1. Filter the range B:80-96 for residues that are in contact (Cβ under 8 Å) with a residue 60 or more places away in the chain and either over 21 Å from A:Leu101 (Cα atoms) or assigned to a strand (DSSP E or B) (or both) and give the result.
2. Which one is surrounded by the fewest Cβ atoms within 10 Å (Cβ to Cβ) among residues in the range A:5-58 that are closer than 22 Å to A:Val111 by Cβ and among the small types (Gly, Ala, Ser)?
3. Give the residues of the range B:43-90 that are of a type in the set (Val, Ile, Thr), surrounded by fewer than 20 Cβ atoms within 10 Å (Cβ to Cβ) and away from every other protein chain (no Cβ under 14 Å), sorted by residue number.
4. Just for strands (runs of 3 or more DSSP E) wholly inside the range B:1-79: which have at least 1 residues that are modelled with pLDDT of 95 or more and in contact with a helix residue (DSSP H, G or I) (Cβ under 8 Å, 6 or more places away or on another chain)?
5. Got at least one residue in the range A:9-22 being within 14 Å of another protein chain (Cβ to nearest Cβ), assigned to a strand (DSSP E or B) and within 30 Å of B:Pro8 (Cβ to Cβ)?
6. For B:Tyr31, are the conditions met, namely being within 14 Å of another protein chain (Cβ to nearest Cβ), in contact with a Ser or Thr (Cβ under 9 Å, 6 or more places away or on another chain), under 25 Å from A:Tyr36 (Cα atoms) and surrounded by 19 or more Cβ atoms within 10 Å (Cβ to Cβ)?
7. In the range A:60-74, how many residues are at pLDDT below 95 and closer than 17 Å to A:Ala87 by Cα?
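The values are calculated or read from the model by the stated rules, or taken from the named source; none is laboratory data. This structure is a prediction, so every number in the text was calculated from the model and none was measured. Here the Cβ positions follow ideal geometry from the backbone for every residue, glycine too, while neighbour counts run over all protein chains shown.
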Amino acid sequence: AQSVTQLDSQVPVFEEAPVELRCNYSSSVSVYLFWYVQYPNQGLQLLLKYLSGSTLVKGINGFEAEFNKSQTSFHLRKPSVHISDTAEYFCAVLNSGNTPLVFGKGTRLSVIA
Amino acid sequence: DAGVIQSPRHEVTEMGQEVTLRCKPISGHDYLFWYRQTMMRGLELLIYFNNNVPIDDSGMPEDRFSAKMPNASFSTLKIQPSEPRDSAVYFCASSFPWGNTIYFGEGSWLTVV
């Protein structure tokens, strides 16, 4: 069975500083990987996804993530965060079979002025 | 496109009452998902449909929960009778095809008192 581990439940960071949100997954088959963002009182929206090809994936709002198969990781990064990036971030994995998308527990990013 | 539309956005009900949550998926999407989000358990998949047929309902917590999809543009999630521990945000999501991005609605915020 596939699973997703987000190693940090909360990440505080100062405005304009870089940030990395960590995600590790386990799956015995090929995977598709996603990062979603949830702003307060809203639904989830897609930041970026890895399906195949280049392991460095660029998403919206200046975020990027790198797929590392050997380390089974898909960490999310941004070189300089803004106050508006304060939100909950979810990593998710979908395998190439018929198992639905599995989400991690989420990481709450708090950007401090 | 209008996106995934859920109603009601907020509902407060008394224990023992029936609750019906509604969802209109994105036109042309053949997968529909119901998720529940709580602080304690994070995002849980309750049930998903493909072409209006329930595929996996193993996440439905108990017999008090039921979901239907009478046609491609409408689904309901019903809780009868409701209990305080059902208080959560319920998300509907849709996608096409399998493996592609899942689009979420804004959620239905349920409080059972």
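1. Scanning the range B:80-96 gives B:Gln80, B:Pro81, B:Ser82, B:Glu83, B:Pro84, B:Asp86, B:Tyr90, B:Phe91, B:Cys92, B:Ala93, B:Ser94, B:Ser95.
2. Checked the range A:5-58; the qualifying residue surrounded by the fewest Cβ atoms within 10 Å (Cβ to Cβ) is A:Ser9.
3. B:Thr76
4. Where strands (runs of 3 or more DSSP E) fall fully within the range B:1-79 and carry at least 1 residues being modelled with pLDDT of 95 or more and in contact with a helix residue (DSSP H, G or I) (Cβ under 8 Å, 6 or more places away or on another chain), they are B:19-24, B:74-79.
5. Looking for residues that are within 14 Å of another protein chain (Cβ to nearest Cβ), assigned to a strand (DSSP E or B) and within 30 Å of B:Pro8 (Cβ to Cβ), one finds none in the range A:9-22, hence no.
6. Yes; evaluated as a whole, the condition is true for this residue.
7. The total comes to 2.
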